[in-house]
Amino acid sequence: MASRYPLTIDDVNYIVEVNVGDDGVFVTVDGGEPFKIDVTTSGLPGLMSIIYSESNWLGYVVPESDGWRISHNNKQFRVMSTQATKKSRNGAGSEDPPGKISVPLAGVLTEIRVGVGDAIESGDTVAVIEAMKMQNEIKAPGNGIVTEIHLESGARAEKGDVILDYEVSESKDLP
Amino acid sequence: MFKRILIANRGEIALRVQRTCRELGIKTVAVYSEPDRNLLHVRQADTAVHIGDGPATESYLNIEKIIQAALDSGADAIHPGYGFLSENADFANACVDANITFIGPSGDAMKNLGDKVSARRIMEDADVPIVPGANDVDPADLAAAAASADRVGFPLLVKASAGGGGRGIRLVEKPEDLENAMRLASSEASSSFGNATIFFERFVSPARHIEVQIVADSHGNVSAFGERECSVQRRNQKVLEEAPSIAVTPEIRKRLCAAAIAAAKGSGYQNAGTVEFLMNNNGEFYFLEVNARLQVEHPVTELVYGGVDLVALQIAVAAGGTVSDGLVDSGPIGWAIECRINGEDPYENFRPSLGLIDYVEYPNGPGVRFDSMLFSGLDVPVFYDSLLGKLIVWAETRDLAIQRMQRALQDLVISGPQTNIPFHRELMNNPDFQAGDIHTNWLENNFSMPVETKTENELNLALAAAAIASLLKSQNATGQAMSVSRSSKWTAAARKNGTQEVVISSGESGWRRGIR
């Protein structure tokens, strides 16, 4: 099964496909010739070794909010998720399914501005998360009524933790 | 001998001094600021004393707190390392007042050598060649100053007597610029150092920076351990040092060491120190200044003098031990080079680059020494200088030492902040450097860092690594088994950790980070 990742380095976009099969791992960049890699990570978080064409590649891969930072050969490579770069430019960033709002980046949830039963509108700030000493507002992606709140203000939250559920409403005119 | 030594420093030099103390069976006391809590010098010391917040003025430069820490921990001596309080006469005197041995020269010797005009006079009296110049220029008496300047010759430097770190220095190319330069240097000196005294010095250029390592005991003996060359400099900061110097013949070495010994004796110097000289292409050298402390680059001397431990000698002479008098004849043997590994981005005009060290791999093997504060997981604090470590190699000849350094630079892996390793690699490949055709302005005038290049292969593998990381992350999130390679369940279990994220921990200071 191939997994497809739109990635960006130095403002250039690439489509990268990874195919894990019985005969090894194959990578395709922008529909080119697939190349076989032997990849392994170690017990140390992020340390990745790749053997490609019998040459060794050692890198340290650190997740960032919009992609990956990779140190290799004492140089830095910033590989961003192309979607993330586009979305951050547009100001939105949520990939939540309708009816859920989750934490977009790890941090401390400093504020939850809504309660169960409140009506929310697209663009409303429902919560604030502090990460790397910056306050990030979490906005509602659509309209609805809050049905359940899963986190408390002051809680540490990881990326993807669900903050609240809401009942999606069709019209903006509902209470 | 001392029972317990407090090391009033941090980073690699604190570790360097600790190692010698441990070998000698002396207990160590570390001092640390709040953001340095995780550093190795704190963990490896026998006793660790918290002395204040991050800014150096509240911790490593705070004489009162450090003396108190020494008294509280029962230390009978203090080693100051380099930087911070190492050349502070008040600190040396405060140690004496508290009945603690200061491992270094006396406060008086520091004061006399720290003032450049007084140091020039001491050297003149001791028959040490100084840069031709004019001492004690009166900024108000322009006619006399102009006559002095004529005698010195142009181009010349107008310098502040209390100057340092490149401040209070003006280059004057022609007589009509003299008055203005004098006014600027004098007012800069007055506001920066509280002392408006200026003097003239002939501008020696091109010149090599050659310095002699000395160790003086309290019985009047001074040992000279040959020279180091530190001509590769940026903004008056050394970035690479070597020993011996390609430009120093055995005959010049004899004269250099004799001058350094005379300088030490003339100033009543004790303990380890460095006498710095400028040397022109004819092998003529002039006294520049004395660094009254252990130098960053001391390991290159240790390696070419049979592995002598200069810190052990410092401790021995501070405890009243003796050294032999004169030029040490056990070296130089072979060649040693040191590269300063700094947290700075050579592709962005050497802008500081600090932060979490994700991963570090130390170089090893024959002839390689890495004096460093680094470990995987260290968060390099922003309050101090950018020196992360010193990569030092030894080999039989200069050419072989360069080859070995190229290899060691390849073996050293630092992931996290950008370091100047790519710069040192370029330097090792530079034909001028390889030929030893260098002087103190060479780096700034003749060397340019090539723009960063990423090969197609490197880009493809970075993309592959990011894609694999994304795949592992999504598999991890959905609880699927890891399936990118055919390895055993043991590596699969380890690999699971590989997808964990680096997060900010809620450490009380906010400076500490860790890995979830």
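The values are calculated or read from the model by the stated rules, or taken from the named source; none is laboratory data. If you're wondering where the values come from, they're calculated on a predicted model, not measured in any experiment. Note that we place each Cβ from the backbone using ideal geometry, even for glycine, and neighbour counts take in every protein chain shown.
Helices (runs of 4 or more DSSP H) fully within the range B:79-133 that include at least 3 residues being modelled with pLDDT of 95 or more and within 26 Å of B:LYS27 (Cβ to Cβ): B:89-97. Scan the range B:367-416 for residues that are among the hydroxyl-bearing types (Ser, Thr, Tyr) and under 28 Å from B:GLN434 (Cβ atoms) and the total you get is 3.
If you scan the range B:2-40, which residues turn out to be touching a helix residue (DSSP H, G or I) at 6+ places or on another chain (Cβ under 8 Å) and on the phi > 0 side of the Ramachandran plot? Correct list: B:GLY11 only.
Just to verify a result, which residue in the range B:431-486, among those that are over 41 Å from the mean Cα position of the chain (by Cα) and among the hydroxyl-bearing types (Ser, Thr, Tyr), is modelled with the lowest pLDDT? Step by step, filter the range B:431-486, then rank; the result is B:SER483. With respect to (1) β-branched (Val, Ile, Thr); (2) touching a Pro at 6+ places or on another chain (Cβ under 8 Å); (3) surrounded by fewer than 20 Cβ atoms within 10 Å (Cβ to Cβ), the lone exception for B:VAL172 is condition (3). Cβ separations smaller than 7 Å between residues 6+ apart or across chains give the following pairs from the range B:192-212 residues that are under 30 Å from B:PRO244 (Cα atoms) and at pLDDT 95 or above to residues that are surrounded by fewer than 22 Cβ atoms within 10 Å (Cβ to Cβ) and of a type in the set (Asp, Glu): B:HIS209/B:GLU276; B:GLU211/B:GLU276. Scanning the range B:310-335 for residues that are of a type outside the set (A, V, I, L, M) and in a strand (DSSP E or B) turns up B:GLY326, B:TRP335. Quick one: would you say B:LEU461 is surrounded by 13 or more Cβ atoms within 10 Å (Cβ to Cβ) and either more than 19 Å from A:HIS72 (Cα to Cα) or touching a Leu at 6+ places or on another chain (Cβ under 9 Å) (or both)? So B:LEU461 does not fit the description; no. Filtering the range A:4-51 to residues that are part of a strand (DSSP E or B), free of Cβ contacts under 8 Å to residues at least 12 places away in the same chain and surrounded by fewer than 21 Cβ atoms within 10 Å (Cβ to Cβ) leaves A:VAL12, A:GLY21, A:PHE26, A:THR40, A:SER49. Only one of the numbered conditions (1) in a helix (DSSP H, G or I); (2) within 23 Å of the chain's Cα centre (by Cα) is violated by B:VAL31, and that is (1). Scanning the range A:124-155 for residues that are of a type outside the set (A, V, I, L, M), within 21 Å of the chain's Cα centre (by Cα), farther than 14 Å from A:TYR166 by Cα and in a loop (DSSP other than H, G, I, E, B) returns a single hit, A:LYS133.
When each of B:GLY226, B:GLY194, B:GLY153, B:GLY163 is tested for being outside the structural domain of B:LEU256 (by TED's automatic domain parsing), surrounded by 15 or more Cβ atoms within 10 Å (Cβ to Cβ) and not hydrophobic (A, V, I, L, M, F, W, C), the lone residue that passes is B:GLY163.
Residues in the range A:95-123 that are away from chain B (no Cβ under 14 Å) and part of a strand (DSSP E or B): A:LYS100, A:ILE101, A:GLU111, A:ILE112, A:ALA119, A:ILE120. For B:GLN475, the test of being in contact with a Ser or Thr (Cβ under 8 Å, 6 or more places away or on another chain) and within 11 Å of chain A (Cβ to nearest Cβ) is passed.
All of B:GLU242, B:GLU289 fail the test of being surrounded by fewer than 24 Cβ atoms within 10 Å (Cβ to Cβ), touching an Asp or Glu at 6+ places or on another chain (Cβ under 8 Å) and in a strand (DSSP E or B), apart from B:GLU289. Cβ-Cβ contacts under 7 Å between residues 6 or more apart (or on different chains), taken from a first residue in the range B:291-317 that is over 25 Å from B:LYS111 (Cβ atoms) to a second residue that is of a type in the set (S, T, N, Q) and surrounded by 21 or more Cβ atoms within 10 Å (Cβ to Cβ), are listed as B:THR301/B:GLN213.
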